[in-house]
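**Q** Okay, handing you the structure first.
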Amino acid sequence: MPDDELHPHDARIIELLSADARMTNAAIADDLGVAASTAHARLRSLVDRGLIAGFHP
């Protein structure tokens with residue numbers, strides 16, 4: 001996958017947090033159908049890559 005394309009899980013995380021910045025990691029994981037650790041790693045990666053700059057309710 002080219003660097004400029006988001007994995008579908010990453011795009012969904014951004015979509016979910018755009019709707020509710022206070023959504024828990026467990027809720028994100030449930031929505032994605034992955035382990036909480038996987039959701040957390042993907043979220044951290046999005047932050048580290050600058051695709052998520054902050055969390056504002």
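**Q** Ranked from highest to lowest mean number of other Cβ atoms within 10 Å per residue, what is the order of the peptides 14-26, 39-51?
**A** Listed from highest to lowest mean packing, they are 39-51, 14-26.
**Q** Another question about this same structure. Which residues does a label at M23 reach in segment 39-57, if reach means a backbone N under 17 Å from a point 7 Å past the Cα toward the Cβ?
**A** 39-47, 51-57
**Q** Just the accessible area per residue of the chain, please: how many Å² with a 1.4 Å probe?
**A** On the way: 3850 Å² over 57 residues.
Accessible area per residue, the chain: 68 Å².
**Q** Right, next: Counting just the Cα atoms, what span does the chain cover along each of its three principal axes? Round to the nearest Å and put the largest first.
**A** Over the chain, Cα extents along the principal axes are 28, 24, 16 Å.
**Q** Round to a whole number: what % of the accessible area of the chain belongs to carbon and sulfur, probe 1.4 Å? Could you put the intermediate results ahead of the total?
**A** Working: 2000 of 3850 Å².
Of all accessible area on the chain, carbon and sulfur atoms account for 52 percent.
The values are calculated or read from the model by the stated rules, or taken from the named source; none is laboratory data. The shown structure was predicted, so the numbers you read here are calculated from the model rather than taken from an experiment. FYI the Cβ positions are ideal-geometry reconstructions off the backbone, even for glycines, and counts take in every protein chain you see. Just the protein is used for accessible areas: all its heavy atoms, side chains included, with ligands, DNA and RNA removed. Shrake-Rupley method; radii C 1.70, N 1.55, O 1.52, S 1.80 Å.
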